[in-house]
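See below for the structure under consideration.
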Amino acid sequence: QTRSLLGVFEEDAAAISNYINQLFQAMHRIYDAQNELSAATHLTSKLLKEYEKQRFPLGGDDEVMTSTLQQFAKVIDELSSCHAVLSTQLADAMMFPITQFKERDLKEILTLKEVFQIASNDHDAAITRYSRLSKRKENEKIKAEVTEDVYTSRKKQHQTMMHYFCALNTLQYKKKIYLLEPLLGYMQAQISFFKMGSENLTEQLEEFLTNIGTSVQNVRREMDCEVENMQQTIEDLEVASDPLYLPDPDPIKFPAHRNLTRKAGYLNARSKTGLVSSSWERQFYFTQGGNLMSQARGDVAGGLVMDIDNCSVMAVDCEDRRYCFQITSFDGKKSSILQAESKKDYEEWICTINNISKQIYLSENPEEIAARVNQSALEAVTPSPSFQQRHESMRPAGQARPPAARTSSTGSLGSDSAALSALSLDSLVAPDTPIQFDIISPVSEDLPGQAKSSGQSGRRTNPFGESGGSKPETEDSILHQLFIVRFLGSMEVKSDESPDVVYETMRQILAARAIHNVFRMTESHLLVTCDCLKLIDPQTQVTRLRFPLPNVVLYATHQENKRLFGFVLRTSGGRVESHQTSICYIFESNNEGEKICDSVGLAKQIAFHAELDRKASEKQKEIDRVKEKQQKELNKQKQIEKDLEEQSRLIAASSRSNQSSTEGQFVVLSSSQSEDSDLGEDGKKKRESE
């Protein structure tokens with residue numbers, strides 16, 4: 001607005017300068033060429049008549065000035081044929097005032113304009129160098145030099161700007177004075193030199209000139225008073241604005257306002273110029289309702305940057321610049337990375353956009369409602385140093401400590417869910433429950449209830465299938481869906497039977513983030529399969545966390561903000577040994593909360609049907625084994641019966657052979673006895689030996 005108004009004043013000064021140059025040339029012709037006096041006087045009268053046709057942006061409606069000049073033009077036109085101007089009188093009474101105005105005042109305006117432009121350019125260059133400061137501590141000397149440069153350039157710009165504005169304001173008075181004084185001197189010279197005109201005309205002119213002279217003196221006194229007031233204002237502003245020249249003021253003296261629903265100021269916007277290169281452009285940004293607008297220098301109005309209703313904003317690490325934050329639209333299709341000038345602006349922009357995204361600005365008293373929401377969040381969440389000590393003792397040495405907060409077991413639940421009105425906070429959330437804002441990698445801390453196999457942690461995972469010697473556990477899964485999510489926090493809950501648990505956990509985690517200024521969120525890829533849910537690092541493809549699907553007992557999206565979703569994981573082990581605990585994990589997605597819940601539901605259905613099929617298959621295999629065992633027993637019984645029959649046949653055959661051999665023995669014995677009787681003693685012995 002200031003620069004737009006300045007443009008109007010500069011345009012008016014240019015119009016005045018153009019008009020004064022023309023009037024000066026006309027009066028100079030009167031001074032230089034007495035022979036062309038009549039033509040020059042006629043030209044002067046013509047220019048005075050054209051004053052009402054001039055389009056002065058600040059003085060186009062001055063009817064008194066227009067009528068006065070019109071009366072001058074009429075008189076000059078009547079006397080132009082008989083006036084002869086002496087050089088000395090014209091030089092003293094006519095040429096000197098307009099020359100002084102042209103050479104001194106108008107040139108002073110041009111000089112101040114150039115000085116202001118140089119100071120503005122120096123300030124922009126200093127701000128650019130300051131924005132490029134590194135975050136490393138070894139650059140403290142350079143930081144001090146650049147900060148001093150910003151202070152000097154900003155102070156110089158402010159001082160030159162105020163003097164320039166003062167000169168532009170004074171020009172409006174000088175325009176009237178130095179337009180009327182030359183004409184007054186010209187008329188007095190004409191009257192005194194020629195001693196012409198009738199008495200009536202002379203009396204009218206004297207009265208008219210007296211009135212004009214009085215008006216000029218009144219305007220001069222008004223101008224002097226205004227200049228004195230402006231000089232005093234400049235001195236007061238210089239004293240009051242001295243701390244504001246610093247680019248990063250003291251946060252104690254100038255604390256950030258967290259209840260704003262409107263914000264305006266200069267930001268650096270990043271735009272990509274290539275695959276890996278980017279550039280930063282400084283523009284003026286402001287909020288207008290639920291829209292983020294930007295306006296470049298010279299533009300008549302601002303342009304829409306993004307719709308920030310239901311958007312998400314978070315702090316980001318961007319190259320080597322400080323105070324950067326990212327705004328993502330509600331559908332996740334558009335995002336902008338901006339850099340604030342100071343930490344105060346950085347926090348105010350994030351808080352303001354957060355308030356606007358909740359549509360608080362639509363109420364009658366938006367700042368009061370924002371303050372009340374922040375105060376209720378402050379009452380619901382308080383820091384717990386005991387949890388930090390307990391959590392540090394559980395983590396390995398050297399591991400970075402994540403920010404944590406403790407939920408209040410007696411806080412009010414608010415009006416986020418009507419179903420929670422009949423429930424107490426203790427029935428949903430365990431007392432002294434810590435909130436985990438960071439993802440703890442399985443490398444440094446085991447997740448309760450999750451067995452960690454060798455090589456599981458730190459292994460790169462391809463969400464679209466893996467190839468290699470080792471077969472991944474999700475290779476046979478028929479469902480693979482990948483979503484971009486940002487981890488907001490997790491906390492232990494006492495119940496896992498109602499979606500109200502997820503809603504209450506969302507409320508407490510968001511309130512804790514707002515109170516403790518935790519704006520950073522870890523972005524991951526959530527892979528949904530029929531076996532488990534995986535959080536995968538988008539850069540390294542390393543699995544950060546793995547949640548077995550059977551342990552996911554509850555999942556839900558936020559009732560109003562569909563970008564928020566969460567699930568409850570039931571794990572074994574906790575504060576009491578051999579006791580199951582439930583942990584609720586909350587995430588933010590790019591407007592895909594319902595899709596993720598649908599995907600998890602589909603995965604559980606597929607897993608359920610797969611489990612039914614597996615049990616049916618095992619039951620069928622058991623039946624087949626029983627039948628096979630029975631068949632083997634039957635075959636064995638048949639084989640035994642067959643063996644018995646065979647033995648029976650063998651016994652019968654053996655008995656028949658024994659009878660025939662007995663009859664043969666009787667025949668042989670009788671024959672041998674008869675032969676023995678015929679043989680002698682020696683023959684009997686030989687028979688016995690045979």
- Task: Determine whether the stretch 268-275 contains at least one residue that is of a type in the set (Lys, Arg), in contact with a strand residue (DSSP E or B) (Cβ under 6 Å, 6 or more places away or on another chain), within 30 Å of Asn355 (Cα to Cα) and exposed (fewer than 11 other Cβ atoms within 10 Å of the Cβ).
- Result: yes
- Note on the structure: Listed by range, helices (runs of 4 or more DSSP H) wholly within the stretch 1-115 having at least 1 residues that are free of Cβ contacts under 8 Å to residues at least 12 places away in the same chain, farther than 26 Å from Leu209 by Cβ and not charged (D, E, K, R) are 2-32
- Query: Residues of the stretch 284-300 being of a type in the set (A, V, I, L, M) and buried (at least 17 other Cβ atoms within 10 Å of the Cβ), which ones?
  - Reply: Leu292, Met293
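Residues are listed down the side, and each one gets a yes or a no for (1) touching a His at 6+ places or on another chain (Cβ under 8 Å); (2) at pLDDT 90 or above; (3) more than 10 Å from Met506 (Cβ to Cβ):
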residue	(1), (2), (3)
Gln559	no, no, no
Leu564	yes, no, no
Val568	no, yes, yes
Thr571	no, no, yes
His579	no, no, yes
Ser589	no, no, yes
- Query: How many residues, within the stretch 139-183, are hydroxyl-bearing (Ser, Thr, Tyr) and under 27 Å from Asp12 (Cα atoms)?
  - Reply: 5
- Task: State all residues of the stretch 208-243 that are among the hydrophobic types (A, V, I, L, M, F, W, C) and exposed (fewer than 13 other Cβ atoms within 10 Å of the Cβ); if no residue qualifies, say none.
- Result: Cys225, Val239, Ala240
- Query: Ser120: in contact with a strand residue (DSSP E or B) (Cβ under 6 Å, 6 or more places away or on another chain) and surrounded by 14 or more Cβ atoms within 10 Å (Cβ to Cβ), yes or no?
  - Reply: no
- In the stretch 154-165, what count of residues is obtained for those that are open to solvent by less than 50 Å² (accessible area, probe 1.4 Å) and more than 9 Å from Leu112 (Cβ to Cβ)? 5
- If we scan the stretch 27-36, do we find a residue that is in the same structural domain as Pro97 (by the TED database), polar (S, T, N, Q), more than 17 Å from Ala93 (Cα to Cα) and open to solvent by less than 90 Å² (accessible area, probe 1.4 Å)? no
- Query: Does the stretch 301-310 contain any residue that is open to solvent by 40 Å² or more (accessible area, probe 1.4 Å) and under 20 Å from Phe587 (Cα atoms)?
  - Reply: yes
- For Ser67, all conditions in the list (1) over 22 Å from Tyr31 (Cβ atoms); (2) hydroxyl-bearing (Ser, Thr, Tyr); (3) surrounded by 13 or more Cβ atoms within 10 Å (Cβ to Cβ) hold save one; what is the number of the exception? (3)
- Task: Filter the stretch 342-362 for residues that are assigned to a loop (DSSP other than H, G, I, E, B) and open to solvent by less than 40 Å² (accessible area, probe 1.4 Å) and give the result.
- Result: Ser342
- Identify the single condition in (1) open to solvent by 70 Å² or more (accessible area, probe 1.4 Å); (2) out of contact with any strand residue (DSSP E or B) (no Cβ under 8 Å at 6 or more places or on another chain); (3) within 24 Å of Ile353 (Cβ to Cβ) that Glu281 does not satisfy, given that it satisfies every other one. (2)
- How many of the residues making up the stretch 101-149 are modelled with pLDDT under 85 and in contact with a His (Cβ under 7 Å, 6 or more places away or on another chain)? 0
- Task: Take the stretch 502-536 and flag every residue that is of a type in the set (Val, Ile, Thr) and either touching a Lys or Arg at 6+ places or on another chain (Cβ under 8 Å) or not assigned by the TED database to the domain that holds His558 (or both).
- Result: Thr522, Ile536
- Could you tell me whether any residue of the stretch 118-139 is within 38 Å of the chain's Cα centre (by Cα), closer than 30 Å to Asn18 by Cα, assigned to a helix (DSSP H, G or I) and of a type in the set (Val, Ile, Thr)? yes
- Note on the structure: Condition set in contact (Cβ under 8 Å) with a residue 12 or more places away in the chain and basic (Lys, Arg), scope the stretch 244-267, selection least open to solvent (accessible area, probe 1.4 Å): answer is Lys263
- Task: For Arg513, work out the one condition from (1) open to solvent by 20 Å² or more (accessible area, probe 1.4 Å); (2) at pLDDT 70 or above it doesn't fulfil.
- Result: (1)
- Looking at Arg544, Arg570, which is the one that is open to solvent by 50 Å² or more (accessible area, probe 1.4 Å), in a strand (DSSP E or B), touching an Asp or Glu at 6+ places or on another chain (Cβ under 7 Å) and not aliphatic (A, V, I, L, M)? Arg570
- Message: Please verify whether Thr522 is out of contact with any helix residue (DSSP H, G or I) (no Cβ under 7 Å at 6 or more places or on another chain) and surrounded by 21 or more Cβ atoms within 10 Å (Cβ to Cβ), treating the condition exactly as stated.
- Response: no
- Message: Anything in the stretch 557-567 that is under 19 Å from Ala603 (Cβ atoms) and either part of a loop (DSSP other than H, G, I, E, B) or open to solvent by 10 Å² or more (accessible area, probe 1.4 Å) (or both)? List them, or say none.
- Response: Thr557
- Task: Return yes or no: is Tyr151 in contact with an Asp or Glu (Cβ under 8 Å, 6 or more places away or on another chain), among the hydroxyl-bearing types (Ser, Thr, Tyr) and assigned to a helix (DSSP H, G or I)?
- Result: no
- Restricted to the stretch 123-143 and to residues being closer than 29 Å to His163 by Cβ and out of contact with any helix residue (DSSP H, G or I) (no Cβ under 8 Å at 6 or more places or on another chain), the residue most open to solvent (accessible area, probe 1.4 Å) is Thr128
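The values are calculated or read from the model by the stated rules, or taken from the named source; none is laboratory data. If you're wondering where the values come from, they're calculated on a predicted model, not measured in any experiment. Note: ideal-geometry Cβ built from the backbone for every residue, glycine included; neighbour counts use all protein chains shown. Ligands, DNA and RNA are stripped out before the accessible areas are found, and what is left, the full protein with its side chains, is counted by its heavy atoms. Shrake-Rupley method; radii C 1.70, N 1.55, O 1.52, S 1.80 Å.
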